[in-house]
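Take a look at the structure set out below.
No lab work stands behind these numbers, since they all come straight from the coordinates. Computed from a predicted model, the values in this text were never measured in an experiment. All Cβ positions, even for glycine, are placed from backbone atoms using ideal geometry, and neighbour counts span all protein chains on display.
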Amino acid sequence: MGLCNDIVRRRELLGMLIRRNLKIRYKNSALGFLWTLLAPLSLIAIYALFLGLMRFPVRLPMLVTGIFVWQYLAMCLGDSLHAIVGHGNLVKKAAFPRIILPLAMALANLTNFLLSLIVVGVYLAFAGASLPHLGWMPAVVLTHLALSVGVSLLLSSLNVFFRDLEHLLSVLTMAWFFATPVIYSLEEVAGRFGAGWMTAYFANPMAGIVTVYRHALVGAPLPGGTALALSFAVAWMVLVAGVVIFQRLQPRFAEHL
């Protein structure tokens with residue numbers, strides 16, 4: 001509660017950092033915010049092309065949803081490495097809750113994601129999707145944010161002490177991407193590994209998050225309640241772990257920057 005109160009008291013600083021992060025992401029870029037759409041659209045085109053060439057079943061609305069959902073986490077993963085080390089002078093000279101730095105980054109990326117999600121919703125409506133279960137959206141967006149903030153706190157704090165994370169992250173991100181049903185469906189996972197493995201598969205929190213977005217936007221089926229509850233619980237546990245580890249490490253940030 002004390003940490004939450006500190007963040008509330010510094011809400012003006014948080015808002016300023018969110019606006020700054022939104023401005024500098026595409027500073028001096030001719031297309032600006034459009035890159036938030038063009039980057040995942042490029043991935044969608046590449047995967048659709050090569051999966052089609054491999055005669056892998058491609059359902060474009062499912063692929064579009066999965067890529068855009070993944071892109072928010074991927075942006076947070078990449079930006080988190082510099083959330084603390086990129087603000088060394090501020091961390092060493094100013095007194096404020098250091099957790100605001102990765103939090104502002106994640107919230108700025110969330111703003112971009114929500115704007116892109118509106119575009120995805122318009123596309124899905126034109127593609128014939130009925131957006132059947134939008135009541136799930138508040139819960140899944142909050143859980144998506146919780147996971148992204150938790151991972152960002154872990155990476156931003158650990159990167160102060162272990163700069164090798166910058167080299168490892170791309171490999172870890174790729175492994176997580178292919179372990180998540182972004183370019184394939186749950187039915188294909190169950191068909192290859194059997195329904196008995198599905199609960200264990202949902203220990204990956206992004207599996208549940210991507211699946212619920214698809215359920216909300218294109219009517220994809222949900223897994224059993226136990227699997228989904230596990231996925232969401234892990235996401236919130238990552239947030240708690242991120243806050244605890246960040247708060248324990250942050251008093252030593254200044255001496256390592």
Kindly write out, for the stretch 239-251 in residue order, the coupling ³J(HN,Hα) from the Karplus curve 6.51 cos²θ - 1.76 cosθ + 1.60 (θ = phi - 60°), rounded to whole Hz, with x marking Gly and Pro. 4, 4, 4, x, 5, 4, 5, 4, 5, 6, 8, 4, x
Proxy exposure order for 211, 143, 173, 226 (fewest C-beta within 10 Å first) is 226, 173, 143, 211
Taking N as the number of residues in the stretch 2-256, the ratio of its alpha carbon radius of gyration to 2.2 N^0.38 Å works out to 1.04
Determine the sum of side-chain charges near residue 249: Lys and Arg each +1, Asp and Glu each -1, restricted to other residues whose C-beta is under 13 angstrom from that of residue 249. +2
Taking the dipole of the chain about the Cα centre (Lys, Arg +1; Asp, Glu -1; charges at Cβ), the one of 176, 22, 244 that reaches farthest to the positive side is 22
Leading residue at positive end of dipole, the stretch 2-256 (Cβ point charges), from 111, 161, 5: 5
In whole percent, what relative contact order does the chain give with Cα contacts below 8 Å and a gap of six or more residues? 26
